[in-house]
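The values are calculated or read from the model by the stated rules, or taken from the named source; none is laboratory data. None of the values given here were measured: they were computed from a predicted structure. Methodologically, a virtual Cβ is constructed for each residue, glycine included, from the backbone with ideal geometry; neighbour enumeration extends over all protein chains shown. The area values use the complete protein model at the heavy-atom level, side chains included, leaving out ligands, DNA and RNA. Shrake-Rupley method; radii C 1.70, N 1.55, O 1.52, S 1.80 Å.
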Amino acid sequence: MKSKHILGLDISLTSTGYAVIELFEDGTLKLVDIGRIKTYAKDTDGVRLKKIKARLDILFDLYPISYVARERGFTKGNLATQQIFKATGVCEMAVAEKGIDDITQYAPTTIKKYLGGHGRASKEDVARGVLEYFPKTVFESDDVSDAVAVVLTLLKDKGVIL
């Protein structure tokens, strides 16, 4: 049976969550890989960005990823914003190097609406929504469950799943 692999990202410089989900022709889903790319504040931004890119390169080598979705950036404060957008830039570069020209982006409120029931849903509500699709999964952090939520949002938004 044919399938497609989708990469979901919850990007930050400190802990980028990722999820690779396989979508089969019959609409079934398989969670193939999840995790987070943890970096350390004591390292330079360059070292941290290289670590993020290296892990993304490994994911693209392991899986035939054809779609990528991420949470759209938002602003908290000047330094935090700069760090998030540095990490976003390196993620977009890694994806473009693999021949995928577009990353679908979703606002945090859209992800919360699709998985948590409303645009102001809590992280816990979103995680519960993710567990409806992958009930036996244990997530290392909310960065990881958020990355899965991004892929599920893409699939819900495109009408692939309910």
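Using the Cα atoms of segment 90-162 to build a convex hull, what is its mean projected area in square nanometres? Can you show the working numbers first?
On the way: hull surface 22.1 nm².
Mean projected area for segment 90-162: 5.5 nm², to one decimal.
Counting Lys and Arg as +1 and Asp and Glu as -1, what is the net charge of the other residues whose Cβ lies under 15 Å from the Cβ of HIS118?
Working: positive: LYS112, LYS113, ARG120, LYS123, ARG128, LYS156; negative: GLU124, ASP125.
Once all neighbours under 15 Å are counted, the net charge is +4.
Using a basic spin-label model with each label point 7 Å from the Cα along Cα→Cβ, how many nm lie between ALA54 and ALA107?
Using points 7 Å along Cα→Cβ, the separation is 3.8 nm.
Sort largest first and round to whole Å: the equivalent ellipsoid semi-axes of the chain, each the square root of five times a Cα gyration tensor eigenvalue.
Values: eigenvalues 113, 72, 38 Å².
For the chain, the ellipsoid semi-axes come out as 24, 19, 14 Å.
Could you please state how large a percent of the accessible area of the chain is carbon and sulfur, counting protein chains only and using a 1.4 Å probe?
Result for the chain: 52 percent of the exposed heavy-atom area is carbon or sulfur.
Could you tell me the relative contact order of the chain? Use alpha-carbon pairs under 8 Å, at least six residues apart, and round to a whole percent. Don't jump to the answer; show the numbers that get you there.
Details: 283 pairs, mean separation 45.8, N = 162.
Relative contact order here is 28 percent.
Rounded to the nearest Å, what's the spacing between the alpha carbon centres of segment 125-151 and segment 32-62? Just the number, please.
20
Among the listed pairs LYS38/LYS112; LYS123/LYS158; LYS2/LYS86; LYS42/LYS156; LYS51/LYS112, which have their C-alpha atoms separated by more than 32 angstrom in this model? Spell out each step's value before the answer.
Working: LYS38/LYS112 24 Å; LYS123/LYS158 23 Å; LYS2/LYS86 35 Å; LYS42/LYS156 39 Å; LYS51/LYS112 29 Å.
Pairs exceeding 32 Å: LYS2/LYS86; LYS42/LYS156.
Using the heavy atoms of the protein chains and a 1.4 angstrom probe, tell me the accessible area per residue for the chain in square angstrom. Working shown, then result.
Numbers: 8460 Å² over 162 residues.
For the chain, the solvent-accessible area averages 52 Å² per residue.
Once a ≥ b ≥ c are taken as the square roots of the eigenvalues of the Cα gyration tensor of segment 37-100, is the result rounded (a/c under 1.5), prolate (a/b larger than b/c) or oblate (a/b not larger than b/c)?
Oblate, since a/c reaches 1.5 and b/c is not below a/b.
Which shape class applies to segment 14-72: rounded if a/c is under 1.5, otherwise prolate when a/b exceeds b/c and oblate if not, where a ≥ b ≥ c are the square roots of the Cα gyration tensor eigenvalues? Could you put the intermediate results ahead of the total?
Numbers: a/c = 2.94, a/b = 2.41, b/c = 1.22.
Note, shape of segment 14-72 comes out prolate.
Please give the net charge around TYR133, taking every other residue with its beta carbon less than 13 angstrom from that of TYR133, where Lys and Arg add +1 and Asp and Glu add -1.
Details: positive: LYS30, ARG128, LYS136, LYS156; negative: GLU22, GLU132.
Around TYR133, the charge tally is +2.
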